Number of protein chains: 2
Amino acid sequence: MLAGNGLSDRLVTYEPVEISEPVVSFGDRLAEHVARRESRLVLGLDPDPSRLWPHALELAGGGDDLSTPPAARAARAARAVLTHCRLLIDAAGDQCVAVKPQVACFERLGAPGWEALAEVVVYARAAGLLVIADAKRGDVDVSAAAYAQAFFGETQTPYGPVEGLGVDALTVSPWLGADSLAPFVEAARRRGGGLFVLARNSNPGAADLQDRELAGGTVSEAAARMIARLGADGIGSSGLSDVGAVVGATAPHQLESLRAAMPNAIFLLPGVGAQGGQVEALAPAFAPGPAAGLVSVSRGIAYAYTHHGGDPADSARRESARLRDSVNRLVSPS
Amino acid sequence: MLAGNGLSDRLVTYEPVEISEPVVSFGDRLAEHVARRESRLVLGLDPDPSRLWPHALELAGGGDDLSTPPAARAARAARAVLTHCRLLIDAAGDQCVAVKPQVACFERLGAPGWEALAEVVVYARAAGLLVIADAKRGDVDVSAAAYAQAFFGETQTPYGPVEGLGVDALTVSPWLGADSLAPFVEAARRRGGGLFVLARNSNPGAADLQDRELAGGTVSEAAARMIARLGADGIGSSGLSDVGAVVGATAPHQLESLRAAMPNAIFLLPGVGAQGGQVEALAPAFAPGPAAGLVSVSRGIAYAYTHHGGDPADSARRESARLRDSVNRLVSPS
């Protein structure tokens, strides 16, 4: 573009400099975080604008205000949602290794919701937490690449590159097959990011397709083998791969066979608490090492005060400490 | 809340009025649109900020401008993306029955991208087109409900309800099973909206899980039976259900068995053109009637000018007219 600036006669040589900062793989980054923070607990952020902590509403500028004109509601609600998430991170973040914002909860507030999500990512990272975007994306190759830009990378535009959210990891669906996941793997790996592929979800309906029997195992075991293959080139010195798996804590009987099929995958384990999963049943997830499993809890922390009483933040702190310890006991039984 | 307003002594009776506007089912709405517009062609909107029509860049205020500060880039790029989509709708919309924005392409521009998506929805609807959001969402029940709010419904907040995008239909993934789709079905049905569940995608990797053999058929046929069950209560007088299916035009050998498993589903058929699918092979999709299939084409229309030369808008118009006619011939052979 030098010619266009009238600078073509100056002796400027431009050589792209290869910045050779070595990228630490996601598995190794996670292992380091788990060791330093002594936690395998993931704080789920599923903000429901009609169930925010009262203090968040106060801080965000007044509680119920039904006279807010429609055009201003999303922005106000998004601000309250952001404040709620910050308070939750302040209260429970110390006990956790990562946060897991549920993207749907932000997306429903439109552009201001997306803005709030971006700010939650910044806030959590500043608190030393990894960010796992729970978006369950999946699409054919070109569109998968576009989603990967949204979460990990950047998008080239005529006005210069636009940065994505810059999360550390993303949940993705295997339904469209390995070629639909490849652009996610590529984008994540380039930046030391990771994926959690939905291998066996925690909801009852997960059985509908995932538990079907194929010749040689279930559909979710076939997905597990695909996940292992995708992650084979992304295994760090910790022995953990950058392609992990979502494995619901509600199906503990499948943990061992899924672990066998994915020996290097980090398992993200939702379903503890509200959905009925028990921490004690999750030991097989940790067989490969102390950072091989992450236990994600959302409502059980944010709404602990509705069961145990007391201040929302105090209750969240206590409940996250309790959960952290009970997960840690799976790794180093006392 | 009257007491809180100091109005409790006034004789105000509030009775919720049941607004009994009958909701026309999505199948019937689509059948009417197809008949009136004489088209089964869906205009895919997959805007790539680095491949926008030159005229869009001019209209959006200047072409390449790499001096745009990072914070302003996303907003400028989103404006150019919106302009591109409007020009494309102006050029090819008349030949189509619906548009299908690929949500990933907007999401990668962050909040301004989401704003542009909302404006594309408004613009397309004003042009008389149905809007099918291609988002391939899928999540466990609570989160599925949040996504449904984002696309079809509204979200309750302390400041009043926040409207979602208000699309006519949404693509969703069946990977998490029937209970994960139920909140989408409920939200769509309440407003006369529809779903297109990913039954058999158009990419090569779709075979990885979807083509696996179970006892009694493939995994995608199991998904198809699930789709048929979910749609059984949403069949309109047109005989078409509000739970449709995405069936890739690249796997025509599976069309007949999937049609047999889903006799009332509207088939959304991507994969014609760039991915190699042929319109001529799609006849089985239309067996239930003239609105039982929708053929979606994105790059083949937007970038027709790169193959055939000439003005982008003229080429898009001609190519969409040609495609429309070739699809129509499947229904009424001339």
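The values are calculated or read from the model by the stated rules, or taken from the named source; none is laboratory data. Since this is a predicted model, take the numbers as computed values, not measurements. Reconstructed Cβ throughout: ideal geometry from the backbone, glycine too, with neighbour counts over all protein chains shown.
Worth pointing out:
- The single residue among B:Arg317, B:Arg299 that is at pLDDT below 95 and basic (Lys, Arg) turns out to be B:Arg299.
- Residue among B:Val167, B:Val162 that alone is more than 7 Å from chain A (Cβ to nearest Cβ) and at pLDDT 95 or above: B:Val167
- Of the helices (runs of 4 or more DSSP H) lying entirely inside segment A:277-332, those carrying at least 2 residues that are under 30 Å from A:Ala228 (Cβ atoms) are A:312-331.
- Reported count of residues in segment B:247-295, each being without any contact (Cβ under 8 Å) to a residue 40 or more places away in the chain and polar (S, T, N, Q), is 1.
- Options A:Leu82, A:Leu52, A:Leu87, A:Leu41; residue that is within 13 Å of another protein chain (Cβ to nearest Cβ) and closer than 23 Å to A:Ala169 by Cα: A:Leu82
- Filtered by the rule that a residue be surrounded by fewer than 19 Cβ atoms within 10 Å (Cβ to Cβ) and among the charged types (D, E, K, R), segment B:58-74 gives B:Glu58, B:Asp64, B:Asp65.
- Condition check for B:Pro70: facing another protein chain (nearest Cβ under 10 Å) and out of contact with any His (no Cβ under 9 Å at 6 or more places or on another chain): yes
- Within segment B:109-123, the set of residues being free of Cβ contacts under 8 Å to residues at least 60 places away in the same chain and within 18 Å of the chain's Cα centre (by Cα) comprises B:Gly113, B:Trp114, B:Glu115, B:Ala116, B:Leu117, B:Ala118, B:Glu119, B:Val121, B:Val122, B:Tyr123.
- Close Cβ contacts (under 7 Å, 6 or more residues apart or on different chains) running from residues in segment B:65-86 that are at negative phi to residues that are of a type in the set (Lys, Arg) comprise B:Thr68/B:Arg76.
- Selection count where residues are of a type in the set (Lys, Arg) and part of a strand (DSSP E or B), scope segment A:79-133: 1
- Among the residues of segment A:267-276, those identified as in a loop (DSSP other than H, G, I, E, B) and in contact with a helix residue (DSSP H, G or I) (Cβ under 6 Å, 6 or more places away or on another chain) are A:Gly273, A:Ala274.
- Scan of segment A:146-159 for residues that are more than 7 Å from chain B (Cβ to nearest Cβ), buried (at least 24 other Cβ atoms within 10 Å of the Cβ) and at pLDDT 95 or above, ordered by number: A:Ala148, A:Phe151, A:Phe152
- Subset of segment A:75-108 (residues that are crowded, with 24+ Cβ neighbours inside 10 Å, among the hydrophobic types (A, V, I, L, M, F, W, C) and touching a Pro at 6+ places or on another chain (Cβ under 7 Å)): A:Ala77, A:Ala78, A:Ala80, A:Val81, A:Cys85, A:Cys105
- Screening A:Ala135, A:Ala124 for residues that are within 30 Å of A:Ser220 (Cα to Cα) and among the aliphatic types (A, V, I, L, M) leaves exactly one candidate, A:Ala135.
- Residues of segment A:162-180 that turn out to be aliphatic (A, V, I, L, M) and not in a loop (DSSP other than H, G, I, E, B), as a count: 5
- When residues of segment B:121-145 are limited to those that are at the interface with chain A (Cβ under 7 Å from one of its Cβ atoms) and in contact with a strand residue (DSSP E or B) (Cβ under 7 Å, 6 or more places away or on another chain), the one surrounded by the fewest Cβ atoms within 10 Å (Cβ to Cβ): B:Ser143
- When residues of segment B:181-221 are limited to those that are in a strand (DSSP E or B) and buried (at least 24 other Cβ atoms within 10 Å of the Cβ), the one farthest from the other protein chains (Cβ to nearest Cβ): B:Gly194
- Out of B:Asp134, B:Asp90, B:Asp46, one residue alone is touching a residue at least 60 places away in the same chain (Cβ under 8 Å) and in contact with a Gly (Cβ under 8 Å, 6 or more places away or on another chain). It is B:Asp134.
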